[in-house]
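Asks: Can you read through this structure? Questions will come right after.
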Amino acid sequence: MGKPATKPAPKPSKQQDDKKSDLLQEQVLQRLYDTVQSRRGTDPSLSHSARLMARGRNKIAQKFGEEAVECLIEAVNGNRKELIGESADVLYHLIVMWVDAGVSPEDVWTELKRREGTSGIAEKAARPKEKLG
């Protein structure tokens, strides 16, 4: 007698796939954050992250801005491959800024989750009004 037939495992739903994908993405960014955090205060000659942080927040902001502009240029020019690479550079420099400013990924995820399900127009209208000058 042969083995009884087994049913194949049910295919995960799109929602389950999306949650798994979100978790994997968060893990990649968390690992990058942890790596940058571990470089804080280390020898700037051995780590690009340490060198950026040693040069100060203004330099980090400058590098982030440069990468953001490069990212936008590639997007406007329709260069998908370059856009992906520049996007990775933007995320890296944003994480360096987070580490330097004492912001954790969880702080950002919490804010994004707070905004989830709210239209961008309604969310922006609910923000406190800033007075100029």
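Computed from the coordinates by the stated procedures, all read-outs in this text should not be read as laboratory data. Model, not experiment: these values are computed from the prediction. No Cβ is skipped: glycine too gets one built from the backbone with ideal geometry, and neighbour counts run over all protein chains shown.
Asks: Using a 10 Å cut-off on Cβ atoms, rank the peptides 95-105, 25-35 from the highest mean neighbour count down.
Replies: By packing density, highest mean first, the sequence is 95-105, 25-35.
Asks: Kirkwood hydrodynamic radius (Cα pairs, Å) of region 28-133?
Replies: 15.7
Asks: Oh, and also: Using DSSP to call loops (not H, G, I, E or B), can you name the GluC sites (Glu not before Pro) in region 51-133 whose Cβ has at most 16 other Cβ atoms within 10 angstrom?
Replies: Here the sparse-neighbourhood loop sites are E116, E130.
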